[in-house]
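Beneath this line is the structure, given in structure tokens, with notes to follow.
The values are calculated or read from the model by the stated rules, or taken from the named source; none is laboratory data. Fair warning: this is a prediction, and the values are worked out from it, not measured in the lab. As a convention, Cβ positions derive from the backbone with ideal geometry for all residues, glycine included, and neighbour counts pool all protein chains shown. To get the accessible areas, we keep the full protein, side chains included, count just its heavy atoms, and leave off ligands, DNA and RNA. Shrake-Rupley method; radii C 1.70, N 1.55, O 1.52, S 1.80 Å.
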Amino acid sequence: MPLGFATKAIHIGQEPDALTGSVTVPLYQTSTFAQEAIGVHKGFEYARTQNPTRTAWERNIAALENGSHAIAFASGMAAIDAIARLFDAGDHLLLAEDMYGGTFRLFDTVLRRHGVLFDTVDMRDLRAVRAALRPTTRLLFTETPTNPLMNLSDIAALADIAHSAGALLAVDNTFASPYFQQPLRWGADIVVHSATKYLGGHSDLVHGVVIVHSSELAERLYFLQNAAGAVPGPFDCWLLLRSVKTLALRMEQHQRNAQVIAELCSTHPAVARVHYPGLPSHPQHELALRQMSGFSGMVSIDLGSREKADRFIAGLRIITLAESLGGVESLVCHPATMTHASIPEAQRRARGITDGLVRLSIGIEDTNDLRDDVRHALDQC
Ligand SMILES: *Cc1c(COP(=O)(O)O)cnc(C)c1O
């Protein structure tokens with residue numbers, strides 16, 4: 001019988017310590033390991049290459065994403081950089097048009113100089129995706145739901161397109177978390193997370209992880225993890241092992257609160273538009289029901305103007321103005337001037353990232369307190 005998600009989160013990779021019985025995985029805060037004789041050791045030589053706390057976390061998150069292997073990195077960007085380094089100069093990659101800004105920046109300003117060719121495409125439009133393929137296309141890389149407009153892409157359909165072109169499909173699953181969406185089940189080859197967000201869940205670490213179900217891909221990624229060396233410290237892996245034990249509970253409450261806030265916003269006269277995949281008015285609600293088991297905790301609302309966005313944010317008393325997302329505390333951000341400021345204004349507008357758009361990362365506070373906070377702030381607009 002396959003184990004349920006919460007059971008796996010608490011037990012896989014988190015077995016009692018064989019040496020002492022410690023029920024939590026020990027923190028191996030060490031850089032090296034004693035060897036008995038030349039070439040005789042316990043499988044651990046140097047902590048860039050292997051660390052037992054990191055291995056425990058990698059086993060755990062691999063199980064949660066239904067993968068065979070996970071490879072941990074110092075940040076989400078380091079994880080995405082390792083995926084890009086699987087490819088050679090001259091290979092062609094297709095990226096979603098509305099990926100996380102840092103992902104686009106990495107490809108556009110760094111990897112381009114190393115000869116990686118890429119185009120961006122609206123991953124919602126499968127015909128456009130097919131038309132953008134080239135004989136040298138080796139990777140389709142999408143993010144679903146996207147930041148900040150909660151656009152979805154059809155993972156199973158994209159996997160078919162990628163595979164029939166001899167390419168791989170990678171999915172940035174940060175916004176959904178493995179609790180609500182498991183892209184490998186729908187045919188994706190690579191899943192990546194900024195574990196800084198829901199997996200960490202407490203706004204106290206920066207971390208990234210790649211999950212695959214092919215040992216060949218895993219070998220190449222472990223090689224890059226060790227060779228390039230963007231590895232996480234053992235304490236961050238230990239914190240993640242602790243955080244993930246409550247992931248199921250946290251995600252349920254994030255989603256419960258987000259649904260209430262999305263519904264409140266969709267009936268409030270100050271709000272021009274709500275972006276939340278859990279609302280039947282979301283243009284891809286059907287797809288969300290099909291490929292996700294819940295809608296997560298991110299809600300964006302369009303208030304119509306910068307002045308109203310300013311007034312809304314000033315009116316909030318519990319929800320804090322800050323970048324990042326996925327923590328227990330609710331945060332608000334203004335994408336046009338914060339997370340997406342580097343996108344030229346015309347392009348930003350064309351994509352729907354207006355000056356009146358605010359993005360809410362709904363935390364796990366009491367539902368009534370969040371509802372009152374948002375209603376009070378909306379009344380100020
Ligand atoms: C934050 C984020 C990243 C980058 O991760 P870091 O941990 O900040 O390096 C990548 N993708 C998405 C969707 C993100 O939200």
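Quick look at the numbers
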| quantity | calculated |
| --- | --- |
| Some residue of the stretch 251-264 being in contact with a Lys or Arg (Cβ under 8 Å, 6 or more places away or on another chain) and assigned to a loop (DSSP other than H, G, I, E, B) | no |
| Answer residue from the stretch 229-243, given it is touching a strand residue (DSSP E or B) at 6+ places or on another chain (Cβ under 9 Å) and open to solvent by 20 Å² or more (accessible area, probe 1.4 Å) and is nearest to residue 361 (Cα to Cα) among those | 236 |
| Where residue 212 falls short, out of the listed (1) within 16 Å of the ligand (Cβ to nearest atom); (2) open to solvent by less than 10 Å² (accessible area, probe 1.4 Å); (3) in the same structural domain as residue 50 (by TED's automatic domain parsing) | (1) |
| Hits in the stretch 185-200 (condition: assigned to a loop (DSSP other than H, G, I, E, B) and either of a type in the set (Phe, Trp, Tyr) or away from the ligand (no atom under 13 Å from the Cβ) (or both)) | 187, 188, 189, 198 |
| Which numbered condition residue 270 misses (of (1) closer than 20 Å to residue 255 by Cβ; (2) among the aliphatic types (A, V, I, L, M); (3) in a loop (DSSP other than H, G, I, E, B)) | (1) |
| Close pairs (6 angstrom Cβ cut-off, 6 or more residues apart or separate chains): farther than 16 Å from residue 192 by Cα and in the same structural domain as residue 341 (by TED's automatic domain parsing) in the stretch 89-104, open to solvent by 10 Å² or more (accessible area, probe 1.4 Å) and more than 12 Å from the ligand (Cβ to nearest atom) anywhere | none |
| Extreme residue, farthest from the ligand (Cβ to nearest atom), among residues of the stretch 283-299 that are in contact with a helix residue (DSSP H, G or I) (Cβ under 9 Å, 6 or more places away or on another chain) and not in a helix (DSSP H, G or I) | 293 |
| Residue match in the stretch 46-62 (condition: surrounded by fewer than 20 Cβ atoms within 10 Å (Cβ to Cβ) and of a type in the set (Phe, Trp, Tyr)) | yes |
| Hits in the stretch 185-209 (condition: in contact with a Gly (Cβ under 9 Å, 6 or more places away or on another chain) and either open to solvent by 10 Å² or more (accessible area, probe 1.4 Å) or assigned by TED's automatic domain parsing to the domain that holds residue 328 (or both)) | 194, 196, 197, 202, 203, 204, 206 |
| Qualifying strands (runs of 3 or more DSSP E) (wholly inside the stretch 73-180; at least 2 residues being within 15 Å of the ligand (Cβ to nearest atom) and modelled with pLDDT under 95) | none |
| Pairs where the first residue, in the stretch 228-250, is in contact (Cβ under 8 Å) with a residue 12 or more places away in the chain and the second is hydroxyl-bearing (Ser, Thr, Tyr), C-beta under 6 Å, 6+ apart | 234/28; 234/53; 237/53; 238/53; 247/179; 248/179 |
| Residue 263, sole failed condition from (1) in contact (Cβ under 8 Å) with a residue 40 or more places away in the chain; (2) in contact with a strand residue (DSSP E or B) (Cβ under 9 Å, 6 or more places away or on another chain); (3) not hydrophobic (A, V, I, L, M, F, W, C) | (1) |
| Some residue of the stretch 262-285 being more than 30 Å from residue 381 (Cα to Cα) and under 21 Å from the mean Cα position of the chain (by Cα) | no |
| Helices (runs of 4 or more DSSP H) contained in the stretch 300-381 and holding at least 3 residues within 16 Å of the ligand (Cβ to nearest atom) and at positive phi | none |
| Scan of the stretch 360-381 for residues that are touching a residue at least 12 places away in the same chain (Cβ under 8 Å), farther than 20 Å from residue 305 by Cβ and open to solvent by 40 Å² or more (accessible area, probe 1.4 Å), ordered by number | 364, 365, 369, 371 |
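Quick grid of which residues meet (1) buried (at least 16 other Cβ atoms within 10 Å of the Cβ); (2) in contact with a Leu (Cβ under 7 Å, 6 or more places away or on another chain); (3) small (Gly, Ala, Ser):
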residue	(1), (2), (3)
255	yes, no, no
259	yes, no, no
264	yes, no, no
272	no, yes, yes
279	yes, no, no
283	no, no, no
293	no, no, yes
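Matching residues to (1) among the polar types (S, T, N, Q); (2) within 23 Å of residue 4 (Cβ to Cβ); (3) touching a His at 6+ places or on another chain (Cβ under 7 Å):
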position: 207; (1), (2), (3): no, no, no
position: 221; (1), (2), (3): no, no, no
position: 242; (1), (2), (3): no, yes, no
position: 251; (1), (2), (3): no, yes, no
position: 292; (1), (2), (3): no, yes, no
position: 305; (1), (2), (3): yes, no, no
position: 308; (1), (2), (3): no, no, no
position: 314; (1), (2), (3): no, no, no
